[in-house]
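Student: Quick one: this structure, given as structure tokens, is what I'll be asking you about.
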Amino acid sequence: MGVFLYLGAVMASLAGVTLLWRGTLLDRLWILNPRAYNRLSPLGTAAGIAFLLLAATLATAGTGWLRRRFWGWALASVIIATQVLGNVVNAARGDFLRGGMGFLLSGALLCFLLRPKVRAVFARQLSGGAS
């Protein structure tokens, strides 16, 4: 999970950088998702800054997760719950395939995060258990 969060941080950083500083070689990455670029490009600096903040949040959650800190688990859970909600909104707006598939995947991940055995690994940190 920590690696997944770090990967998300890298991707969000790339999106943020390409939205803030246009005309670099990194702009070619938008070939992978031109629809997203067309929607985000008009937002320019605001979108770039938002993506860099997202990247920092994901990296922070990844660090907390890998260090088995309760706050890392909680932040990862909030991030994934937000993704679940976003997928529900996408499905409700008519993007049934992406929203539905995203909901299933992020929902399954959230169910994993909320399992008592997973949560218990991080709860030990609160009670002074071994790292």
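Student: What percent do you get for the relative contact order of segment 1-66 when only Cα pairs under 8 Å and 6+ apart count?
Tutor: Answer for segment 1-66 is 59 percent.
Student: Right, something else. Treating only the Cβ of Lys, Arg, Asp and Glu as charged (+1, +1, -1, -1), what charge dipole size does segment 68-131 show about its Cα centre? Round to the nearest 20 debye.
Tutor: With Lys and Arg at +1 and Asp and Glu at -1, about 280 debye.
Student: Please give the calculated 222 nm ellipticity per residue for the chain, where each DSSP H segment of at least 4 residues contributes -39500 (n - 2.57) and the sum is spread over every residue; nearest 500 deg cm²/dmol?
Tutor: Computed ellipticity for the chain at 222 nm equals -26000 deg cm²/dmol.
Student: Tell me the angle of helix 70-92 to the major Cα principal axis of the chain, expressed in degrees between 0 and 90 and rounded to the nearest ten.
Tutor: Approximately 50 degrees, to the nearest 10.
Student: Tabulate in residue order the Karplus-calculated ³J(HN,Hα) for segment 33-45, using 6.51 cos²θ - 1.76 cosθ + 1.60 with θ = phi - 60°, rounded to whole Hz; enter x for Gly and Pro.
Tutor: 8, x, 4, 5, 4, 5, 7, 8, 3, x, 7, x, 4
Student: Report the local net charge at Arg93: Lys and Arg +1, Asp and Glu -1, summed over other residues whose C-beta lies under 15 Å from its C-beta.
Tutor: For residues surrounding Arg93, the net value is +2.
Student: Still on this model: Taking the Cα centre of the chain as origin, sum charge times position over the Cβ atoms of Lys and Arg (+1) and Asp and Glu (-1), and report the length of that vector in debye to the nearest 20.
Tutor: 340 debye
Student: Now a separate question. Only Cα pairs under 8 Å and at least 6 apart count here; give the relative contact order of segment 31-123 as a rounded whole percent.
Tutor: 21 percent
Student: Just add up the charged neighbours of Gly102: K/R +1, D/E -1, any other residue whose Cβ is under 14 Å from the Cβ of Gly102.
Tutor: Local net charge: +1.
Where a number appears in this text, it was derived from the coordinates with a stated rule and is not lab data. Not measured: the values here are computed from a predicted model. Positions of Cβ are generated from backbone atoms using ideal geometry, with glycine treated the same way; all protein chains shown enter the neighbour counts.
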